[in-house]
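The values are calculated or read from the model by the stated rules, or taken from the named source; none is laboratory data. Note that this is a predicted model, so its numbers are computed, not measured. Quick reminder, even Gly has a Cβ in these numbers, built from the backbone with ideal geometry, and neighbours come from all protein chains shown. Protein only, heavy atoms only, side chains kept; ligands, DNA and RNA dropped before computing areas. Shrake-Rupley method; radii C 1.70, N 1.55, O 1.52, S 1.80 Å.
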Amino acid sequence: MLKTILNTILVHHRSPHHAQNSGYGRLVDYCPDATVLTGEPRLPYRMAKYIGQWHTQNAGIYNSSSVQKEWQLYKALKQLKGKTVVHYLNAERDIRYIPKYIKRRDVKFIGTFHKPPEVLKETITDTSYLKQLDGAICVGHNQVAFIKEWLGLEQVNYIPHGIDTGYFVPNISKKAPNPTLLFVGQHLRDFDLFNTAISKVLELCPTAEAIAIVAKPFVMKIKQHPKIQVYSEVPDKQLRDFYQRATVLFLPLKDATACNAVLEGMACGLPVVTSNVGSVPEYLSGTGNVLCDNSVESFVEALVALLKDEEKLTRLGKASREKVMCYDWQRVVKQIGDFYKSMY
């Protein structure tokens, strides 16, 4: 748990597709002394909606919920005295006026960035508000140099994304009888590569099957196949069961910083076959898990070979679990607390 002499305000956003035990928002569960702002209605809804709609989105996402959070933040800062850290858990959204116009030496504003550099450059073309931050946390090594130059910030640290290693755990007794390849999520997933590669793998490995878990709007991205089951709106326990039942996490990516599905799969003792992009290699370093160039052939070859090698499957699964302990939330929270203190 994070306990600090600093006042801590967490501006929180939970993506609707994240399970209760997933996502960066879990940080709030490890910060019992923090003031958490989630955008509960304090202003009239019509007013908040109007203000939100008045803004363009080229400085980051800003909507009626963002307006409510800013009002909550203003009120909170009026009450708190002394050294205070305001931490935007998703710096790609909600940041506008408070960091720009409230200038107190005892208040520091920081944000955690989740998107890869290319996505940030494309989606946030007005950086004038983000440049008011005093510091930034990056969940990927591939963001650090970019954020420093892009926003002109000196205090930018890589701190890995956390994972609840007490909830996401291996359970060998739940393993599926047939080799099962698991695909989870939608953000920056390479659906075309997945569809082409999985059909070839299932043809070459007749006993294998696949499970894809995606948000409802992305269900149609998975090409129908008699040996692929597609799920959406999966309850937390069922999501964990799918990880525990699977043989391999198969996750082709277009780009990445931290990836929840990779961390959750590792925590459940899964071997991982994914793309050699972004910060994925750093998160998997030392495990022996398979990083492929984004070609169908490399994925098919790697998956078929792995499904035929029981000893390697076991070894990679154990290495995944051992490595992911470095990203346990208890460790990550301590690093975040140290970063807060470094702001002063």
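Here is how the numbers come out for the structure above:
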read-out: Exposure ranking of TRP150, TRP71, TRP329, TRP54 by accessible area [1.4 Å probe, largest first]; value: TRP54, TRP71, TRP150, TRP329
read-out: Area accessible to solvent at HIS141, 1.4 Å probe radius, in Å²; value: 90 Å²
read-out: Set of segment 297-330 residues, backbone N closer than 12 Å to the point 7 Å along the Cα-Cβ line of ASP236; value: none
read-out: Under 14 Å, Cβ to Cβ, from THR123 - net charge with Lys/Arg +1 and Asp/Glu -1; value: -2
read-out: Two-site label geometry, TYR50 and ASP134: point separation in nm, points 7 Å out along Cα→Cβ; value: 3.5 nm
read-out: Segment 93-231: C-alpha gyration tensor shape, a/c 1.5 cut-off, then a/b vs b/c; value: prolate
read-out: Degrees separating the helix 191-204 axis from the principal Cα axis of the chain, which is the longest one; value: 20 degrees
read-out: For TYR88, distant residues with modelled amide H under 5 Å away; value: VAL11, ILE110, GLY111, THR112
read-out: Full-stretch length increase - SER295, ILE102 - with 0.36 nm per residue and alpha-carbon distance subtracted; value: 64.5 nm
read-out: Karplus (6.51, -1.76, 1.60) ³J(HN,Hα), θ = phi - 60°, over segment 152-168, in Hz, Gly and Pro reported as x; value: x, 9, 8, 8, 10, 10, 7, 9, x, 5, x, 8, 7, 6, x, 9, 7
read-out: DSSP bridge orientation in the chain - percent antiparallel, rounded to nearest 5; value: 0 percent
read-out: For segment 200-312: rounded, prolate or oblate by the Cα gyration tensor [a/c cutoff 1.5]; value: rounded
read-out: Cα-based convex hull volume of segment 247-344 per residue, rounded to whole Å³; value: 88 Å³
read-out: Which of TYR243, TYR158, TYR30 is most accessible, then next, and so on - probe 1.4 Å; value: TYR158, TYR30, TYR243
read-out: Proximal aspartates and glutamates relative to LYS69, as straight alpha-carbon distance under 14 Å, when same-chain residues fewer than 8 apart are discounted; value: GLU40, ASP94
read-out: FRET efficiency for GLU154 and ARG14, using Cβ-Cβ distance with R0 set to 30 Å, rounded to 0.05; value: 0.50
read-out: Segment 1-159: Rg to Rh, with Rh as the Kirkwood radius over Cα pairs; value: 0.94
read-out: In sequence order, calculated HN-Hα J values of segment 7-13 (Karplus, 6.51, -1.76, 1.60; Hz; x Gly/Pro); value: 6, 10, 10, 9, 8, 9, 9
read-out: Anisotropy class of segment 115-160 from Cα gyration tensor, a/c 1.5 cut; value: oblate
read-out: Rg/Rh (Cα only; Kirkwood hydrodynamic radius) as it applies to the chain; value: 1.00
read-out: Other-chain or far-sequence residues with amide H under 5 Å of VAL184's (modelled H); value: ILE213
read-out: Those trypsin sites (Lys or Arg not before Pro) in segment 99-155 that DSSP places in a loop and that have at most 11 other beta carbons within 10 Å; value: LYS103, ARG104, ARG105
read-out: Residue among GLY140, GLY162, GLY39 with the largest mean-square fluctuation in a Gaussian network model of the chain, springs linking Cα atoms under 10 Å; value: GLY39
read-out: Inter-label distance for LYS334 and THR314, nm, one decimal - labels placed 7 Å from Cα along Cα-to-Cβ; value: 3.3 nm
read-out: 3J(HN,Hα) from dihedral phi, segment 327-344, Karplus parametrisation 6.51/-1.76/1.60, rounded to Hz, x for glycine, proline; value: 10, 4, 4, 4, 6, 5, 4, 4, 5, 5, x, 5, 5, 3, 5, 5, 5, 10
